[in-house]
Structure formats: C-alpha cells, structure tokens
Amino acid sequence: MDALLSKIDSPAELRCLPRTQLPALASELRQFVLDTVSQTGGHLGSNLGTVELTIALHYVFDTPHDRIVWDVGHQTYPHKVLTGRRERMHTLRQLDGVAGFPKRDESEYDAFGTAHSSTSISAALGMAVAAQLKGERRRAVAVIGDGAMTAGMAFEALNNAGFAHAGQPADLLVVLNDNDMSISPPVGALNGYLARLMSGGFYTAAREGVKGVLKAAPPLFELARRLEEHAKGMVAPGTIFEEFGFNYVGPIDGHDLDSLIPTLENLRDKKGPQFLHVVTKKGYGYKLAEADPVKYHAASGRFDPAKGFPSASGSAKATFTQVFGQWLCDMAEADDKLVGITPAMREGSGMVEFHQRFPRRYFDVGIAEQHAVTFAAGLACEGMKPVVAIYSTFLQRGYDQFIHDVALQRLPVVFALDRAGVVGADGPTHAGAYDIAFVRCIPHCSLLAPSDENECRQALTTAYRQDHPVAVRYPRGSGSGAAVDKSFTVWDWGKGLVRRRPRTAERRPGTPRLAILAFGTLLHAALPAAERLDATLVDMRFVKPLDEALVLELARSHDGLVTVEEGCVSGGAGSAVLECLAAAGVQVPLLVLGLPDEFTEHGDPAKVLARLGLDAAGIEQSIRQRFGARPALTAVAS
C-alpha cells in the first residue's frame, strides 16, 4: 500500500528519491495522515493541506542542519511521519505518545516548540542570526499561515528581519502558507513560471545590473524602483513584504511540486530575507474536508474516513463551552449593551449562534489577544459591556493589557476563560494551568470557579452584574451533567457553599475532622473522598474574593483543611487560603492539591488527572497520607 512511504525513515532517504516519484509519495502520505487521524483524533484539514509543502521543504533543505520552524504546529503530522516517527503515529496525542505539536525533546527535526501562533518568524530569525554569529552555513525557514500573520508579533518580526544583523541581513526564508485563498487563475502555470523566474538568478542579476546603472541618476532610479513595485504588484501582492526588506516571490500553488521544488531551490541559494507565498487548500485530497474545512479542522475522536465525522448526538451532555454560548445569546437578548469578542476562536469558544443572531455586536479580532483585551477596554469606557471569550492559555498573551488597560482602570470587562485546567490531547501549550495565579494577584480583579454546568451559567451572570473586571474559568468538555437553569441567578458575592457536612454520630473514635475546600469542577472528584472520610466538602465558587469568613470558621472547627484546584499550586487558590490563615494568625494543618510545578503532558484528561493524583482515588490517597486518616464511618469497610 505505502510502497514509497514505508521506505522513508528520514529526510535524507526522502532526498534520495527521484522527483518523479514525489507525487506518488504525497498521495501515500496524505492517505496515511487521514488513516492516522481517523484512529487517534487530532487536526486534520491543515495537515492534509501541507503534504506537498512538507515534502518539498525536506527535499530541498538539508534538515535537521537547516532549521524549519512550523508556526502553530498543528499542521506537522506529515513532518513527523517523514522524520522517523511513522511507526509511532498511532500514539498521536495520547499519554506518553507522539505530541500533536512540534516538541524539541521529541525529535532533532523539531527545531522549535510551537502551538501558540505567530512565533515562527521571530524564532527562525534568531536561528539565522545565531548561524551568522557562529560562522555556520545553514538556512532558517519559518512556515506561517495566513491566520497567524494577523498577529502583531509576526509583523514585529518581519520589521526586524529586514534590517542587518551581525553586520549583514539574515539569511531567512519565510513561507506564507495561505490556505484561505482559493487556487484561482493567478495561481496557475503562468504564475508558477513567473515565480520561478523572479526567484532565479537571471531576474536578480538583471535587476541588480539595472540598479547599478540607474543609481548614477537618482531620479531615474527612484522611478525604476516604483515601476518595479507596481509591475510586481500586478502579478503578486507582495509590495508590503518588499517594504519590510524581503524579496517577495509568489503566490504559487502549494500542491504543485513542480513549482514548489525549483522555487525553493532558487530561494535556498539566495542571501538575505526571502518571502515565498504559497496557496494551499485545507483538507486537500479529502473531498469531505475540502467541502467543509471548518468542520474538518480537527477530529475529536475516531471516525470512518468513508463516512466522515459522526453527527453530534442529541443525547450528549452539554459542554461548558455550549453553556457559555447559550448564556451569551440569552444575556445579549436581555441587554443590548453586551458585546462579544473573540481572538479568532468563534467555534472553539461557542460563539457561532451569537455571531448569527447578533452580528453587529460580534467582533472577531483575529489572532490578536493583546488587541482583543484593549479593544474590550475601549468599549467598556464608552458604556458597553464587553465579554471576551478566550482560552485560559491565550489570555497569557494579553496579560499586560489585562493589567494596564482593564484592571488599572477598573473597567467592567468579563473574561470567559475556556479550557481552564488540564486540556488533554493538546498538551502543555494549551493547558489552562496559570490563570488562577495570574488573575488573583491583580488589584480590582475577581475570579470565579464554577463546579458544574449550571454553576457556570450562574457564575457568568454574577460576573456580568459587577462593575469591575471579573474572570470566570471553566474546563474543556462536559462536567457532571448538571441540568442548567435558564434564569439569570446571581450568587451572593464572595460566598462559598457547604455541599456536605459530616455525620458526626457515625464517626470512628479518633478520626480527624477534615474540611475539603474545592475550587471548580474537581469538587466532584473530591466528593467520594469526603464521603469515605466523613469530611466537610465546600464548593468555594470564588477564588477572589475568597470567602475568608468561611475559611476561618472551618479552620477553627476542623483538625485539618484540604484545598483542591485544577490549576498550578504555586500562587493558586490553596496559596490564597494559606495567606488568609496566616493573616488571621490561625494555625491549622493544610494540604494543597493541584497541578505540580511542572508542565503537564498531553493525553486523555482523565488519565492525566489520575497521574497527577487529582482523580477521586488520588485525592483520597493524598489526604490519608497527609493526615493518617482511615475511612471515617463505621459503615464503610476499610
């Protein structure tokens, strides 16, 4: 079946193939990627679209000596297959398996770890300058998508790359993988010929020769320069990149190896910053994905390639994201000052219906988290009520704006922090591990942690009613399956809720009286431990403001406290409890359970939490080890 692919275990072996066999290899590789993702889940459309580009880059460049940096990195499955990981691709995105993104400690061919967008040009520029400083001859290539080019960081890097570094311009190639443009007449045989001509030696020599003559007559030189820009602009939209100091080539068909390879070969041998614009199609070669690239962006689990992704089951539990999306629509119906903002995550954040129903109040700002936060601040200044739907891990990119533009001015912006805690297969780059720590230390800001889907709606409503910045964190996927009350319930501000009290009359003599303070959805994992140990169980609801009165009451009436959170222990909710106790001069043993001081690996969320001791069994075991506790009730067997 895979007559060619089965023989390729490294790019060096790929480079031994004659070019005439590369189209057949591309067909095999595309089918292998489709078969793999249909079994493991993962990103599909983008990987099907980069098959030929991946082959061409490894065929032309001497990897891993030459460096390739893949922006975002969710399109690197073909790259992983060709760089010695084919036999392990069945473990993709699974615990202890192949990562879904480039990872430096996984392979020497993963030159730079990526997953957040728009970092590739900066990283590749750093590598190119390092090669110059060390006197090494190597090429650095940044592969970036049209979506990632919307971020300011990409343009900061382009602006910097056009200047001389270490005494001369850096030898950097930026490949713009444009998969939002259909392959239309400008990207055909004629354009491919023009791109090869523009990238070749004849065009460059002729251009430089003419420049040398015209420089003696500055007015003529300036006229020629402008004519060249406009002439190139007729066949290629590259003027902006030329202004950054790049030699722009393209656009060319990113699925045509006969155009890609000679163009890349010409650019490989050029000095200074080069920019190649290629046009690809998401889902290329798989008709279902080509027809619906949004739906087939990623597979959540297994599917039959012949039938496509399964239809959503009407009986499935609502996810937290869906609860947010419904709340957003309902609140927008009730309050015409509400506006919804997303940094290019409409589907992921559950805002499709909101966009359809309230298009004038929906704002997708692109992959620009910093702008999203300050844009919300400006709206709030004028009396609007902005709701920023953003993944916890992506808010990290707008942290300065969160502090300086929102919190410092005490503006009533609601941050809906999706993907809080362990996220599963996407791994450490997408884990929402730090929002508790980095939000609770900011003045004027509050942070709510609902324990189930119904509480999520109530927490969002409570946050929306405040006159200062409030963040609401909730996890990916579904929780306990709690029925959601569609009313707009507002919590008592800053108050926790005791969910379980001990059955004192049935306790074993000498059993320590414990109270478990749960922040967020781990309340449900802590419940079995509370039952077996006859402990008080509290749904804290608020990380900030902390219910200090309740904490101190529990500290004085119990022999020990346990905090449980799906966030980093350092500076987290447990730290807030410790600070409260210390400030009041109350001494009581306290066990803090949460994410350890390490990056959590990718894998099934339940398995990751179990490994970290944050499932029901792990929480109970940690409490027993810390407090020497046995099952507290005489009716429960030891």
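Some notes on this structure:
- Candidates Val490, Val538, Val498 - the one that is in contact (Cβ under 8 Å) with a residue 24 or more places away in the chain and buried (at least 19 other Cβ atoms within 10 Å of the Cβ): Val538
- Scanning the range 306-350 for residues that are modelled with pLDDT of 95 or more and in contact with a Leu (Cβ under 7 Å, 6 or more places away or on another chain) yields Phe324, Trp327, Met331, Ala332, Val339, Gly340.
- Among residues of the range 1-47, those that are buried (at least 18 other Cβ atoms within 10 Å of the Cβ), more than 18 Å from Pro102 (Cα to Cα) and polar (S, T, N, Q), counted: 2
- For the range 236-284, taking the residues that are hydroxyl-bearing (Ser, Thr, Tyr) and touching an Asp or Glu at 6+ places or on another chain (Cβ under 6 Å), the one that is farthest from Ala124 (Cα to Cα) is identified as Ser259.
- Sole exception among (1) assigned to a loop (DSSP other than H, G, I, E, B); (2) in contact (Cβ under 8 Å) with a residue 60 or more places away in the chain for Leu546, by number: (2)
- Only one of the numbered conditions (1) assigned to a helix (DSSP H, G or I); (2) closer than 30 Å to Leu379 by Cβ is violated by Gln466, and that is (1).
- Listing of strands (runs of 3 or more DSSP E) fully contained in the range 317-396 that carry 2 or more residues being over 24 Å from Gly421 (Cα atoms) and under 20 Å from the mean Cα position of the chain (by Cα): 362-364
- Matching residues, the range 557-592, being in contact with a helix residue (DSSP H, G or I) (Cβ under 7 Å, 6 or more places away or on another chain), outside any loop (DSSP other than H, G, I, E, B) and open to solvent by 20 Å² or more (accessible area, probe 1.4 Å): Ala584, Leu590, Leu591, Val592
- Contacts under 8 angstrom Cβ, first residue in the range 81-106 being more than 14 Å from His602 (Cβ to Cβ) and assigned to a loop (DSSP other than H, G, I, E, B), partner aromatic (Phe, Trp, Tyr) and modelled with pLDDT under 95, 6 or more apart: Arg104/Phe112
- Checking each residue in the range 136-179 for being over 23 Å from His371 (Cα atoms), outside any strand (DSSP E or B) and either open to solvent by 20 Å² or more (accessible area, probe 1.4 Å) or of a type in the set (Lys, Arg) (or both) picks out Glu136, Arg137, Arg138, Arg139, Gly162, Phe163, Ala166, Gly167, Asp171, Asn179.
- Of all residues making up the range 336-377, the number that are of a type in the set (Ser, Thr, Tyr) and farther than 21 Å from Gln396 by Cβ: 1
The values are calculated or read from the model by the stated rules, or taken from the named source; none is laboratory data. Predicted, not measured: the structure shown is a model, and the values here were computed from it. Heads up, the Cβs are rebuilt from the backbone with ideal geometry, glycines too, and the neighbour counts pull from every protein chain shown. Protein only, heavy atoms only, side chains kept; ligands, DNA and RNA dropped before computing areas. Shrake-Rupley method; radii C 1.70, N 1.55, O 1.52, S 1.80 Å.
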